[in-house]
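Q: Okay, here's the structure, questions in a sec.
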């Protein structure tokens with residue numbers, strides 16, 4: 001199949017994406033590897049991309065494009081597995097739910113200054129905007145963005161007190177800034193190259209599912225500053241051999257029982273003897289006030 005590269009098209013109310021591509025001489029949308037769009041994109045245009053170009057489109061320049069209410073719609077590029085790069089318009093204010101979900105070829109994302117919201121769907125379970133982007137190595141944010149920031153390719157809030165998302169494809173060690181107090185939901189979920197992590201004493205809370213699927217993680221340090229640990233934090237951490245719970249922890253959230261929260265994690269759990277709420281027996285976590293509620 002002959003490839004079409006560097007195609008530029010303009011959308012109008014009467015010329016939608018399919019027609020615009022044909023006007024540009026493209027008879028097979030699956031032949032397009034990179035192109036630029038000018039004009040307003042509709043949900044129908046995005047669906048056309050997903051249905052006809054998902055396995056071939058690599059680069060898309062939307063710098064002169066626009067969306068309704070300046071929102072990149074949910075599922076915009078879901079399962080566009082060949083996509084490696086997208087240039088956003090500097091008018092976009094929100095990245096919708098699962099916009100890049102399962103874009104396994106996506107390598108880097110630059111978030112413009114205008115973006116003030118990234119839809120995370122259910123805050124207790126996942127950061128869905130980039131779920132399944134296993135090749136993603138960097139998330140960079142324009143320095144003038146009022147809500148988000150990036151440091152070393154990792155997404156944080158503007159104040160750098162909350163870690164939001166580490167790209168799944170990151171290969172290097174990551175050092176958490178000492179400004180961070182909260183490790184956000186699913187922050188390292190799916191980071192299969194992460195082997196060890198020291199959490200600084202500034203952190204007080206570890207969100208749900210933070211290390212889920214970190215299959216190479218062998219050691220982690222939880223400081224005495226941490227008071228809350230979310231559910232499913234260590235699920236499927238297959239290489240983790242030990243977890244130490246400090247005396248400061250007053251809540252370890254479980255939504256389905258510790259047997260599921262630690263499923264696939266062989267770690268021996270020990271608890272500081274001065275912890276008021278938790279203890280361990282033979283490497284198994286339990287409540288002090290109910291010796292029968294064990295993690296198994």
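Q: If I take every Cα pair under 8 Å that is 6 or more residues apart in the chain, average their sequence separation and divide by the length, what percent do I get for the relative contact order? Before the final figure, lay out the partial values.
A: Numbers: 834 pairs, mean separation 24.0, N = 296.
Relative CO of the chain lands at 8 percent.
Q: Using only helices, what value at 222 nm comes out for the chain when you add -39,500 (n - 2.57) per DSSP H run of length 4 or more and divide by the total residues, to the nearest 500 deg cm²/dmol?
A: On the way: 3 runs with 21 residues, N = 296.
Result for the chain: -2000 deg cm²/dmol, rounded to the nearest 500.
Q: What is the stretch 170-213 by shape, rounded, prolate or oblate, if you read a ≥ b ≥ c off the alpha carbon gyration tensor as root eigenvalues and call it rounded for a/c under 1.5, prolate for a/b larger than b/c, and oblate otherwise?
A: Values: a/c = 2.45, a/b = 1.28, b/c = 1.91.
It comes out oblate by the Cα gyration axes.
Q: In addition: Under 1.5 on a/c is rounded, so check that first for the stretch 173-296, then, if it is not, pick prolate when a/b is larger than b/c and oblate when it is not; a ≥ b ≥ c are the square roots of the alpha carbon gyration tensor eigenvalues.
A: oblate
Q: Now a separate question. Taking R0 as 41 Å, what FRET efficiency do you get between residue 198 and residue 116 from their Cβ-Cβ distance, rounded to the nearest 0.05?
A: Values: r = 32 Å, r/R0 = 0.78.
Given R0 = 41 Å and the Cβ-Cβ separation, E is 0.80.
Q: Would you order 253, 233 from fewest to most other beta-carbon atoms within 10 Å of each residue's own beta-carbon?
A: On the way: 253 15, 233 26.
Arranged by neighbour count, lowest to highest, 253, 233 become 253, 233.
Q: Any idea what the relative contact order of the stretch 173-296 is, in percent, if you count C-alpha pairs under 8 Å spaced at least 6 apart? Can you show the working numbers first?
A: Numbers: 335 pairs, mean separation 22.3, N = 124.
Worked out over the stretch 173-296, it gives 18 percent.
Q: Given R₀ = 51 Å, what would the calculated FRET efficiency be for residue 28 paired with residue 216, taking r from the Cβ atoms and rounding to 0.05? Walk me through the numbers before you get to the answer.
A: Values: r = 41 Å, r/R0 = 0.81.
Calculated transfer efficiency: 0.80.
Q: Let me ask you something else. Roughly speaking, what is the centre-to-centre gap between the stretch 130-180 and the stretch 42-99 when only Cα atoms are used, to the nearest Å?
A: 21 Å
Q: Inverting the mean 1/r over all pairs of different Cα atoms, compute the Kirkwood radius of the stretch 32-88 and quote it in Å.
A: Working: mean 1/r = 0.0884 Å⁻¹.
Averaging 1/r across every pair of different Cα atoms and inverting gives 11.3 Å.
Q: So if R0 is 22 Å, what FRET efficiency would residue 228 and residue 147 give, r being the distance between their Cβ atoms, rounded to the nearest 0.05? Don't jump to the answer; show the numbers that get you there.
A: Details: r = 24 Å, r/R0 = 1.09.
Taking R0 as 22 Å, the efficiency between residue 228 and residue 147 is 0.40.
Q: Further question: By how many degrees, 0 to 90 and rounded to 10, does the Cα axis of helix 43-52 deviate from the longest principal axis of the chain?
A: The helix 43-52 is inclined about 90 degrees to the chain.
Q: Find the relative contact order for the stretch 1-92 and round it to a whole percent, using C-alpha pairs within less than 8 Å whose residues are 6+ positions apart.
A: So the answer I get is 27 percent.
Q: Separation between the residue 64 and residue 179 pseudo-spin-labels, each 7 Å from Cα along Cα→Cβ, expressed in nm?
A: For residue 64 paired with residue 179, the spin-label model returns 3.7 nm.
Q: Moving on to the next point. Stretched out fully, how many nm does the piece from residue 140 to residue 82 gain, at 0.36 nm a residue minus the Cα gap? Could you put the intermediate results ahead of the total?
A: Working: separation 58, 0.36 × 58 = 20.88 nm, distance 2.04 nm.
Going from the current span to full extension adds 18.8 nm.
Q: Would the chain count as rounded, prolate or oblate if I go by the C-alpha gyration tensor, calling it rounded below 1.5 in a/c and otherwise prolate when a/b exceeds b/c, oblate otherwise? Don't skip to the end; give the middle numbers.
A: Values: a/c = 2.84, a/b = 2.36, b/c = 1.20.
Prolate.
Q: Then there's this: For the residues 151, 51, what sequence is obtained by ranking on other C-beta atoms within 10 Å, fewest first?
A: On the way: 151 17, 51 9.
Ordered from fewest to most neighbouring Cβ atoms within 10 Å, 151, 51 come out as 51, 151.
Every read-out reported here was derived from the displayed coordinates using simple, explicitly stated rules and does not represent laboratory data. Keep in mind the model is a prediction, meaning the values are calculated, not measured. With ideal geometry, Cβ positions are generated from the backbone for all residues, glycine too; neighbour counts draw on all protein chains shown.
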